[in-house]
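Undergrad: Take this structure first; my questions come after.
Computed from the coordinates by the stated procedures, all read-outs in this text should not be read as laboratory data. Predicted, not measured: the structure shown is a model, and the values here were computed from it. No Cβ is skipped: glycine too gets one built from the backbone with ideal geometry, and neighbour counts run over all protein chains shown.
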Amino acid sequence: MLTGRTLPKAGTRTNTNPQNYLFHLDNLSVEFGALTALKNVQLTIYPGEILFVTGPSGAGKTTLLSVLGGHMEPTSGKAVLPHMKSSKHFVSTVFQDLRLIQKKSCEENLFMAYDASMYDSKNDFYREMQDLAKLLHVYDHLDRKIDDCNGGLRQKVAMMRALLCKPTALLADEPTSSLDKENSYRLFEVLNHYNHKKGLALVWATHNKELIKQFPGKIAHLDNGRLIYSGHACFI
Ligand SMILES: Nc1ncnc2c1ncn2[C@@H]1O[C@H](COP(=O)(O)OP(=O)(O)OP(=O)(O)O)[C@@H](O)[C@H]1O
Ligand SMILES: [Mg+2]
């Protein structure tokens, strides 16, 4: 359990003070045997940024998120990840396979996010969970076992669990692949709200160009492991 974490200040959006980054990748490469998944990637992400990671299948999006989350070591180059050392930052990850407990209910899975140091009480946590569940249309399904949920509902529960950890940054790997357009937008509206009100940084691997067009953010576009574009989403 994490203790004594401090929350980002409400209303703080992007803070690009060079000393204050959340993630910094310096000439970073990841190889799996003869295969190069990431090649000489240079990337800095600051508090409050929204970054869409795009690129074709196999381009290296999941590998990039794994490195940012501290789940994978680079083969060469450097990953500077202040969240690995400091209680000031906490990074939640929603993996492509969601990592929910199948035999437990949605609500039981959500309660795994409860951290007594981050909430005044269990009731406080419960209220926030219910509010999120209502916003995302999960409320009527809280008792349902994950085994009995469709892919879209599972993705929403995984995102809710990540948000209820009150992270400073959320890494999400294709979290809308099973959601229809309406539910994808609803989910992103909620994330946008967390970004505006709580300074949440968001790194979102996606193929969903429509979503990127609708919301403000930057793009890191990967092709064959190389970061070929990093900047505003104007070229889409
Ligand atoms: N653990 C691993 N062992 C060997 N090769 C791997 C491993 N993980 C990824 N790769 C390879 O690295 C490359 C990048 O994979 P990655 O999963 O990061 O791509 P991606 O952009 O997330 O693809 P997708 O859009 O299909 O999810 C691919 O060629 C993949 O086959
Ligand atoms: Mg992937």
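Undergrad: What are the lysines whose alpha-carbon lies under 17 Å from the alpha-carbon of residue 78, with same-chain residues fewer than 8 places away excluded?
TA: Correct list for residue 78: 39.
Undergrad: Which value, to two decimals, describes the C-alpha radius of gyration of the chain once divided by 2.2 N^0.38 Å?
TA: Dividing the Cα Rg of the chain by 2.2 N^0.38 Å gives 0.99.
Undergrad: Right, here's the next one. Cα-based Rg of the stretch 57-125 per 2.2 N^0.38 Å, rounded to two decimals?
TA: Dividing the Cα radius of gyration by 2.2 N^0.38 Å gives 1.43.
Undergrad: Computed FRET efficiency, Cβ-Cβ of residue 102 and residue 137, R0 22 Å: what is it to the nearest 0.05?
TA: My answer for the efficiency is 0.55.
Undergrad: A follow-up question, please. Could you compute Rg(Cα) / (2.2 N^0.38 Å) for the stretch 164-236, with N its residue count?
TA: 1.13
Undergrad: Sequence neighbours fewer than 8 away in the same chain don't count; with that in mind, list the aspartates and glutamates whose C-alpha is under 15 Å from residue 85.
TA: Partners found: none.
Undergrad: To test your reading of the geometry: what angle, between 0 and 90 degrees and rounded to tens, separates the Cα axis of helix 122-135 from the longest principal axis of the chain?
TA: Helix 122-135 sits roughly 70 degrees off the main axis of the chain.
Undergrad: What does the C-alpha gyration tensor say about the overall shape of the stretch 13-94? Classify as rounded when a/c is under 1.5, otherwise prolate if a/b is larger than b/c, or oblate.
TA: prolate
Undergrad: Under 25 Å between alpha carbons, and skipping anything fewer than 8 positions from residue 145 in its own chain: which lysines qualify?
TA: Within reach: 103, 104, 122, 134, 156, 166, 181.
Undergrad: Another one. I need the shape label for the stretch 29-150. Rule: rounded when a/c is under 1.5, else prolate if a/b > b/c, else oblate, with a, b, c from the alpha carbon gyration tensor.
TA: Verdict is prolate for the stretch 29-150.
Undergrad: Okay, next question. Which angle from 0 to 90°, rounded to the nearest 10, does the C-alpha axis of helix 151-164 make with the longest principal axis of the chain?
TA: Tilt of helix 151-164: around 90 degrees.
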